[in-house]
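Peer 1: So that we are looking at the same thing, I have put the structure below in structure tokens.
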């Protein structure tokens, strides 16, 4: 979790504490779905001080924070419930693929690692968040990891260029553990990190990666969002690079994409301003 995300989550949890206390709720087991739903949908105030319904993005963020809070509480044996499980929110957008938000990425990491052993699901998530597409991820092996350089070699595909992609601390830890597990479990050459070692065509291997990533997206409640697909995870990596550098070219290089237009569309960046007027003015004679 980044420092910025940690601070935002902490603020929202504090607000929920006050909200729950105002409704006579003071411990985890007393929080029911109605209380959690009321908080998710609670009205807020605009910057001008007016009371207004919460924006869709705010409702999604509130639900993500509560889900993570109760997931942690269950790990600590403070409760056995999750009052957010039945809270359904309408899809935010339709018709295109959107990048995951930072809070959704945090939830994805948790869902990927909420197991006893290093799984291919966690490896697939780590490689997608590093900038790999589903058609590339299934071919990556432990020999493609540069642990000292904190990066992974992506071999490219028919649509993308080969490249090095950086690994953050979480991805480095997950992939190191997965590589060790694959080496231990295999009597011959280490198999791929994110799929089974079963042979298959490129299309079949890509399909296995997509199944793993879709399963994780379903676990964090994004199955109903028609704009969220496995590419949404990869798109987050491109968006993070663009946010850090301010350059669409940097995002394109990170993702191995040759088209700046396609890169901008994938990460949801409107980088061209439509020109609706003819040069010289529409009324010129």
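What follows draws every value from the coordinates through simple rules; no lab data is involved. Everything numeric here is computed off the predicted structure, so don't read it as measured data.
Peer 1: Given the options 76, 222, 13, state which has the largest fluctuation in a GNM of the chain using a 10 Å cut-off (strictly under) for Cα springs.
Peer 2: Its mean-square fluctuation being the largest, the pick is 76.
Peer 1: For a quick check, take a GNM of the chain with Cα springs below 10 Å and name the residue from 122, 148, 223 with the largest mean-square fluctuation.
Peer 2: It is 148.
Peer 1: Most fluctuating residue of 121, 77, 269 in a GNM of the chain with Cα springs under 10 Å: which is it?
Peer 2: The residue with the greatest mean-square fluctuation here is 77.
Peer 1: OK, next. Under 1.5 on a/c is rounded, so check that first for region 1-90, then, if it is not, pick prolate when a/b is larger than b/c and oblate when it is not; a ≥ b ≥ c are the square roots of the alpha carbon gyration tensor eigenvalues. Intermediate results must be reported in sequence, preceding the final value.
Peer 2: On the way: a/c = 1.66, a/b = 1.38, b/c = 1.21.
Note, shape of region 1-90 comes out prolate.
Peer 1: Go ahead and estimate [θ] at 222 nm for the chain from helices alone: -39,500 (n - 2.57) per DSSP H run with n ≥ 4, summed, over the residue count, rounded to 500.
Peer 2: On the way: 11 runs with 143 residues, N = 285.
Helices in the chain give a 222 nm mean residue ellipticity of -16000 deg cm²/dmol.
Peer 1: Based on the alpha-carbon gyration tensor of region 166-218 and its eigenvalue square roots a ≥ b ≥ c, which shape applies: rounded if a/c is under 1.5, prolate if not and a/b is larger than b/c, or oblate?
Peer 2: Working: a/c = 2.18, a/b = 1.07, b/c = 2.04.
It is oblate, given that a/c is not under 1.5 and a/b is not larger than b/c.
Peer 1: Mind running the shape call on the chain? Use the C-alpha gyration tensor, a ≥ b ≥ c as the square roots of the eigenvalues: rounded below 1.5 for a/c, prolate if a/b tops b/c, oblate otherwise.
Peer 2: Note, shape of the chain comes out oblate.
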